[in-house]
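The values are calculated or read from the model by the stated rules, or taken from the named source; none is laboratory data. This one's a predicted model, so the numbers in the text were calculated from it and none came from an experiment. Cβ atoms come from the backbone with ideal geometry, glycine included; neighbour counts cover every protein chain shown. Side chains included, ligands, DNA and RNA excluded: accessible areas come from the protein's heavy atoms. Shrake-Rupley method; radii C 1.70, N 1.55, O 1.52, S 1.80 Å.
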Amino acid sequence: METRALDIRGLICPLTWARVKRELMTLQPGDRLEILLDHRPAVPDIKRNAPDLGHEVVSVVSEGAEWRIAIELG
């Protein structure tokens, strides 16, 4: 199982989801992607779209003006 970090601070929608989706496509089932972002509208977008691709959002943590989202690949 691999855990990969993706820092997309500074990007806004729809580029945030495009970068996350591209990164998810490089991982294998059981791997985890940990995303760091600062564009609040992207948080519900990622939470909604990841399960549509068969992945599980395992955590969403707010850290002031930034968020950390962990996704486990299905």
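Per residue, how much accessible surface does the chain expose to a 1.4 Å probe? Answer in Å², no decimals. Mind dumping the intermediate values first?
Working: 4270 Å² over 74 residues.
Per residue, the chain has 58 Å² of solvent-accessible surface.
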Please report the antiparallel percentage of the DSSP beta bridges confined to the chain, to the nearest 5. 70 percent
Which whole-Hz ³J(HN,Hα) couplings does segment 21-38 yield from phi under the Karplus relation 6.51 cos²θ - 1.76 cosθ + 1.60, θ = phi - 60°, glycine and proline marked x? 4, 4, 5, 4, 5, 8, 9, 10, x, x, 6, 10, 10, 10, 10, 10, 9, 10
Net charge of Cβ neighbours under 12 Å - reference Val61; Lys, Arg +1; Asp, Glu -1: -2
Cα gyration tensor of the chain diagonalised, 5x eigenvalues square-rooted, in angstrom largest first, produces semi-axes 18, 12, 11
